Each structure stands twice: as C-alpha cells, then as structure tokens.
Amino acid sequence: MPHMYILRCGDGTYYVGSARDLDHRMHQHFLGKGSTYTSKRMPVELVYAEEYESIGEAFAREKQVQGWSRAKREALIAQQWSQLPGLSRKRARE
C-alpha cells in the first residue's frame, strides 16, 4: 500500500515523502540513496506514516504536508489532532 511519510533528519529537519513501497523506500533512505536532501542529513528516522489506497492520494497528502509549518508537522507526528486546525490559521500581525 502507498504511504505518505515523514522522516526526522540528523540535523533536526523534516523530510516529507510518499512511496508505493514504504519498506523499500526506507531502505533506500537508510543507505543514503533515498534523496539528495536526506543523503546530506544522515542519519534519518521514520517518525510518521499514513497509508493510502493509491499513490496519487499519498502524493497529494505529501504535497499538503510539505506546505505546513514545522509546528503543524510536529503536531501531526505527535498525533495532537486538536492542535492542527489552530496551526492552520494565519497569525495576526504584531
């Protein structure tokens, strides 16, 4: 089954991706061959994954989460569902 997934990189940043075969994709990332971004930020750790019926759905979710702030990604990883809507609102000007 296809997945959208989030990796925590060695430098503390997050990488959001999608894959038809998550196990195979993680193997590639762990070898430093998953992507240019992650290969330069080893080691990587899988911190979150969602399963989808199609790779198209997984890819759409990947693109959605890539547009999120770090705080919103961290709430998703922590499964703090109630915090997600509040993190979507634009901040008021200071």
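Here, each number is a calculation from the coordinates, and none is a lab measurement. Just so you know, these numbers come straight off a predicted model, no measurement behind them. In this analysis, Cβ positions are derived from the backbone assuming ideal geometry, glycine residues included, and neighbour counts consider all displayed protein chains.
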Query raised in the report: About the Cα centre of the chain, what is the dipole size in debye to 20, counting +1 per Lys and Arg Cβ and -1 per Asp and Glu Cβ, all else neutral?
Result: 560 debye
Query raised in the report: When only C-alpha pairs under 8 Å and at least 6 residues apart count, what is the relative contact order of the chain, in percent?
Result: 30 percent
Query - Residue-span extension gain [Leu87 to Thr36] - 0.36 nm each, minus C-alpha spacing - result: 15.5 nm
Report summary line: Note on the chain: alpha-carbon gyration tensor, axes a ≥ b ≥ c; rule is a/c under 1.5 for rounded, else prolate if a/b larger than b/c, else oblate; result oblate
Report task. Rounded to whole Hz and in sequence order, give me ³J(HN,Hα) for segment 32-43 from the Karplus expression 6.51 cos²θ - 1.76 cosθ + 1.60, θ = phi - 60°, writing x for Gly and Pro. Result -> x, 10, x, 6, 4, 4, 6, 5, 8, 10, 6, x
Query raised in the report: aspartates and glutamates within cross-link reach of Lys40: Cα-Cα under 18 Å, excluding same-chain residues under 8 positions apart?
Result: Asp11
Query - GluC sites (Glu not before Pro) restricted to segment 1-81 and DSSP loop, no more than 13 other C-beta within 10 Å - result: Glu53
Query raised in the report: On full extension of the chain, what length is gained from His24 through Ile55, given 0.36 nm per residue of separation minus the C-alpha to C-alpha distance?
Result: 9.7 nm
Query raised in the report: trypsin sites (Lys or Arg not before Pro) within the chain: which are DSSP loop residues with at most 14 other Cβ atoms inside 10 Å?
Result: Arg20, Lys33, Lys40, Arg89, Lys90, Arg91, Arg93
